[in-house]
Amino acid sequence: MTMSTKATGEPQGSRPTPVPSPQYASTGLDVWTMMNQVAASVNAVNLGQGFMSYPPKEFIRRAAQEALVENTHNQYAPPRGHPGLLKQVGIHFANRLARPIDVSSELSIHAGANEALLSVFTAFLEHGKDQEVILMEPAFDQYTPNIIMAGGKPVYVPLRVQSGDKDPSKDVISSHDWKLDMSELEAAINENTRIIVVNTPHNPIGKVFSREELEQIGDIAARHNLLIIADEVYEHLTYG
């Protein structure tokens, strides 16, 4: 059946109007959007998002201005990122990790961590296969919709407060008091599990996983041949 259109642009025939896919439609609003809308509706001070109250450094603004007038920068960048940027990122991580970085196979540049995460989920998850991704809860709220849109199923393993007789509803709880039960993590793995997401420093609780914890998670992933996605967007924001 064909669909015709009047001069008014109104569709004719029985073909339904395109709507978002069920995977996308089921994700809902993210927490930033909800908090921003609520704060704006009551004219409240919004502490739910890190809005910057200061401009970028002068040398950054100057470099951006200079880049705009250089003809070499006014072209499409390669899909994996500009070669010069890839080279500098490779040098940075080679120094931090104390090992060589192959920029041709180990690096790509994305428009923010959220796009990078969605790209990885899309690459390693298949629609219709019920493939699972383990998240440590509470978790950054963008993980769940990204996994669902990529065709996966989020599975939640809780981080629990293990601080003796402290009551989380009454006492001050340190980020160090939150622990992952490794046996509970391993029990959540089945034949459909594909990925474990490790977020350190952790959003929203601020937990920095210890080397011992990371090695235990790595051992579990190796035993079950799973991919680890390490979201370390706050890696430079650790104190104490």
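The values are calculated or read from the model by the stated rules, or taken from the named source; none is laboratory data. On a predicted model such as this, the values are computed, not experimentally measured, just so you know. Counting neighbours? That spans all protein chains shown, and the Cβs are built from the backbone with ideal geometry, glycine included. All accessible areas refer to the heavy atoms of the entire protein, side chains included, with ligands and DNA or RNA removed. Shrake-Rupley method; radii C 1.70, N 1.55, O 1.52, S 1.80 Å.
Thr122 meets all of the listed conditions (1) open to solvent by less than 50 Å² (accessible area, probe 1.4 Å); (2) under 15 Å from the mean Cα position of the chain (by Cα); (3) polar (S, T, N, Q) but one, namely (1).
Close Cβ contacts (under 9 Å, 6 or more residues apart or on different chains) running from residues in region 44-68 that are more than 30 Å from Met34 (Cβ to Cβ) to residues that are aromatic (Phe, Trp, Tyr) and in a loop (DSSP other than H, G, I, E, B) are absent. When Ile205, Ile173 are screened for being surrounded by fewer than 16 Cβ atoms within 10 Å (Cβ to Cβ) and at pLDDT below 95, only Ile173 passes. With the structure loaded, tell me whether Gly81 is assigned to a loop (DSSP other than H, G, I, E, B), modelled with pLDDT under 80, surrounded by 10 or more Cβ atoms within 10 Å (Cβ to Cβ) and not polar (S, T, N, Q) or whether it fails that test. Judged against the criteria, Gly81 is not a match. Any idea which of Gly9, Gly28 is at pLDDT below 75 and either under 25 Å from Ala150 (Cβ atoms) or in a loop (DSSP other than H, G, I, E, B) (or both)? After applying the criteria, what remains is Gly9. Does Ile91 qualify as being assigned to a helix (DSSP H, G or I), under 24 Å from Ile220 (Cβ atoms) and without any contact (Cβ under 8 Å) to a residue 40 or more places away in the chain? Answer is no for this residue. Could you tell me whether Lys57 is of a type in the set (D, E, K, R) and surrounded by fewer than 10 Cβ atoms within 10 Å (Cβ to Cβ)? So Lys57 fits the description; yes.
Going through (1) modelled with pLDDT of 95 or more; (2) within 16 Å of the chain's Cα centre (by Cα); (3) closer than 26 Å to Arg96 by Cα; (4) outside any strand (DSSP E or B) one by one, Leu214 falls short only on (2). Applying a threshold of 7 Å to beta carbon distances and a minimum spacing of six or more residues, or different chains, the list of pairs starting in region 176-188 at a residue that is surrounded by 14 or more Cβ atoms within 10 Å (Cβ to Cβ) and ending at one that is part of a helix (DSSP H, G or I) and of a type in the set (Gly, Ala, Ser) is empty. Return yes when Thr238 is at pLDDT below 95 and either under 23 Å from the mean Cα position of the chain (by Cα) or polar (S, T, N, Q) (or both) and no when it is not. The answer is yes for Thr238.
Here is the figure for region 153-163: residues that are open to solvent by less than 80 Å² (accessible area, probe 1.4 Å) and either over 21 Å from the mean Cα position of the chain (by Cα) or over 26 Å from His236 (Cβ atoms) (or both) total 6. Filtering region 103-157 to residues that are touching a residue at least 24 places away in the same chain (Cβ under 8 Å), outside any loop (DSSP other than H, G, I, E, B) and farther than 17 Å from Arg194 by Cβ leaves Ala113, Asn114, Pro145.
Considering (1) polar (S, T, N, Q); (2) loosely packed, with under 12 Cβ neighbours inside 10 Å; (3) modelled with pLDDT under 95, the lone condition that Asn114 does not fulfil carries the number (2).
Answer with yes or no whether Asn199 is farther than 21 Å from Gly28 by Cβ and either open to solvent by 30 Å² or more (accessible area, probe 1.4 Å) or at pLDDT 95 or above (or both). Spelling it out, it is not the case that Asn199 is farther than 21 Å from Gly28 by Cβ and either open to solvent by 30 Å² or more (accessible area, probe 1.4 Å) or at pLDDT 95 or above (or both).
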